[in-house]
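Colleague: One structure, as C-alpha cells, below. Some questions next.
The values are calculated or read from the model by the stated rules, or taken from the named source; none is laboratory data. Bear in mind that the values here come from a model prediction, so they are computed numbers and not experimental data. Backbone-built Cβ (ideal geometry, glycine too); neighbour counts: all protein chains shown. For the accessible areas, the whole protein counts, side chains as well, though only heavy atoms, and no ligand, DNA or RNA atoms are used. Shrake-Rupley method; radii C 1.70, N 1.55, O 1.52, S 1.80 Å.
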Amino acid sequence: MTGVTPAQLLRPEVLALSAYHVPEARGLVKLDAMENPYGWPPEWVADWLDALRHTPLNRYPDPGAADLKTRLRTAFALSADTGLLLGNGSDELIQLLILAVAGCGRPLLAPEPTFVMYRLIAAFTGMDYIGVPLRESDFSLDLDAMLAAIARHRPALIFLADPNNPTGNRFDPAAVRAIIEAAPGLVVVDEAYFPFTDHSVLPERAQFDSLLVLRTLSKMGLAGLRLGFLLGALRWREQFEKQRLPYNIHVLTQISAAFALDHVALLTDQARRIRADRERLAAALASLPGVTVFPSATNFLLLRVAAGDADCLFNSLHKAGVLIKNLHRSGESLRDCLRVTVGTPEENQAFLTALRAAL
Ligand SMILES: *Cc1c(COP(=O)(O)O)cnc(C)c1O
C-alpha cells in the first residue's frame, strides 16, 4: 500500500510526542489517579437515575449550561462578577487557554515538576515551554528563579498547580502573589486539589485582572463526568468563550453534575474523610524503614524510597495487586519517588501490607 505517511504530513512536534499513557487497572487496587474511592448512597443513585430518565438524548445540550452554572455558583459561592467557563475536564480548559495564546511569540512557563499536561499541550500546539525547577529539598517555589525567568522570557501564560501534582505540597501564598504581580501575561492557578486544602487564591481574584483560577470536579469524586471550570475576569471569559466548542459539556454531564452539586455536602464530607485518612496513611508510611513522606495538601502522598528501590517496589506492589504511580523516571528531582492516592481505609491497608512485604 502506498500513500501519504504521517511523517510527510504531520507537524514534527506531533511526531515527536509520546501519547499520555494510562496503565491498565482492571482487577487491581487502583491508587494511581487521584480518584475519590467512594460512591453515592443507594437513595441518591435512584434519584439521579430518575433525573437521567427525563434527559432527551436526541437533542443537543444547552450550549451555555445555564442550570449547571447556577449550581456551580451556589455550591462554590462565586460572586456575580466572576467569569465562569466550563470545560470537558480541566484538561480541555488548559488546552483552550494554551491555544488562545499559541503563536503570540511568547512562551508558557511553569515550575517543575508539575502537572504534565501543561508541557504536553504546549508541545503539540508548537508553544515554547519554560520549566523552572522547584527547590529540590521540599519542592517549594524558587521565587528568585521564577522572577528571573519571568523577566527574561516574558511568558504569555504561567501555570501554577497549587497544591502541586505530583509533589502534593502547597506553595507559599506570598510567593504566588509575587509571581502574579510580576507576570506580564496571564497566571493560571490550577486548584484541582481544592477539596483537600483550606487555602484558595480565589478571594484574591478580583484584585488581579490577569489571575485565572482553574478547578475541576474530578478529584472530589466525579472524575468520570469530565467537568472543569475556569474562574476569572469577565473580559477574559468573553474572549475564551469564542474558542469553546458549543456543545463541549454533554447532557449527561450537565444533568449529573447539577444533581451532584445539589448534594455537594456529601462530596465535601468524603473529601474530609480522605484528608483524615491521608494523615493516618502518612504516619504509617513515615514509620517504614527508608521511606520519606512529603507533606500533602491533596488526596495523594509523594514518597521517596531508598536509592534504586522505586522500580522494584512498584513492580512488587503491582504483583500484589496494588497500582500506584512510579515517578522515578520522570526527572532527576523525582528520583526514587512513588505517588499513591489515598483510597478507602481497606485499600490503604492493602497498600501498606503489600509495601511492608516488598520492603
Ligand atoms: C488531575 C489534574 C487535572 C485534570 O483534571 P480534569 O478535570 O480531570 O481534566 C488538572 N490539574 C491538575 C494539577 C491535576 O492534578
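Colleague: Tell me, which residue of segment 103-126 that is aliphatic (A, V, I, L, M) and more than 21 Å from A182 (Cα to Cα) is farthest from the chain's Cα centre (by Cα)?
Modeller: A123
Condition check ((1) under 30 Å from N315 (Cβ atoms); (2) touching a residue at least 12 places away in the same chain (Cβ under 8 Å); (3) within 16 Å of the ligand (Cβ to nearest atom)) across all residues:
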position	(1), (2), (3)
T2	no, no, no
H21	yes, no, yes
K30	yes, yes, yes
W44	no, yes, no
W48	no, yes, no
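Colleague: Within segment 50-74, restricting attention to residues that are charged (D, E, K, R) and free of Cβ contacts under 8 Å to residues at least 60 places away in the same chain, which residue is most open to solvent (accessible area, probe 1.4 Å)?
Modeller: Among them, the one singled out is R53.
Colleague: Please find, within segment 33-42, the residue that is nearest to the ligand (Cβ to nearest atom) out of those that are in contact (Cβ under 8 Å) with a residue 60 or more places away in the chain and not aliphatic (A, V, I, L, M).
Modeller: If we take residues in segment 33-42 being in contact (Cβ under 8 Å) with a residue 60 or more places away in the chain and not aliphatic (A, V, I, L, M), then E35 is nearest to the ligand (Cβ to nearest atom).
Colleague: Which of the numbered conditions does L134 fail, given that it passes all the others? Conditions: (1) within 16 Å of the ligand (Cβ to nearest atom); (2) free of Cβ contacts under 8 Å to residues at least 40 places away in the same chain; (3) open to solvent by less than 20 Å² (accessible area, probe 1.4 Å).
Modeller: Only one criterion is unmet by L134, namely (2).
Colleague: Right, next: List, please: which pairs have Cβ atoms under 8 Å, are six or more places apart or on different chains, and start with a residue in segment 75-97 that is at positive phi and end with one that is modelled with pLDDT of 95 or more and not β-branched (V, I, T)?
Modeller: If the second residue must be modelled with pLDDT of 95 or more and not β-branched (V, I, T), the pairs left are G89/S218; G89/R226; G89/L227; G89/G228.
Colleague: Looking only at segment 228-243, which residues are more than 17 Å from A80 (Cα to Cα) and of a type outside the set (D, E, K, R)?
Modeller: G228, Q239, F240, Q243
Colleague: Suppose the filter is buried (at least 17 other Cβ atoms within 10 Å of the Cβ), touching a strand residue (DSSP E or B) at 6+ places or on another chain (Cβ under 7 Å) and within 24 Å of T341 (Cβ to Cβ); does L303 pass it?
Modeller: Details: buried (at least 17 other Cβ atoms within 10 Å of the Cβ): yes; touching a strand residue (DSSP E or B) at 6+ places or on another chain (Cβ under 7 Å): yes; within 24 Å of T341 (Cβ to Cβ): yes.
Yes.
Colleague: Could you figure out which of (1) more than 16 Å from the ligand (Cβ to nearest atom); (2) open to solvent by 40 Å² or more (accessible area, probe 1.4 Å) isn't true of G224?
Modeller: (1)
Colleague: For D269, are the conditions met, namely being part of a helix (DSSP H, G or I), among the acidic types (D, E) and open to solvent by less than 40 Å² (accessible area, probe 1.4 Å)?
Modeller: So D269 fails the test.
Colleague: Of all the residues that make up segment 253-266, how many are in a helix (DSSP H, G or I), touching a residue at least 12 places away in the same chain (Cβ under 8 Å) and more than 16 Å from the ligand (Cβ to nearest atom)? Step through it out loud before you land on a result.
Modeller: So the first thing to find is which residues in segment 253-266 are in a helix (DSSP H, G or I), and the list is 253-262, 264-266.
If we keep only those that are touching a residue at least 12 places away in the same chain (Cβ under 8 Å) as well, we get 253-262, 264, 266.
Next cut, more than 16 Å from the ligand (Cβ to nearest atom) only: 255, 258-259, 262, 264, 266.
Summing the residues that are in a helix (DSSP H, G or I), touching a residue at least 12 places away in the same chain (Cβ under 8 Å) and more than 16 Å from the ligand (Cβ to nearest atom) in segment 253-266 gives 6.
Condition check ((1) at pLDDT below 95; (2) under 23 Å from Y20 (Cβ atoms); (3) not in a loop (DSSP other than H, G, I, E, B)) across all residues:
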| residue | (1), (2), (3) |
| --- | --- |
| T74 | no, no, yes |
| S79 | yes, no, no |
| D91 | no, yes, yes |
| I98 | no, yes, yes |
| P111 | no, yes, yes |
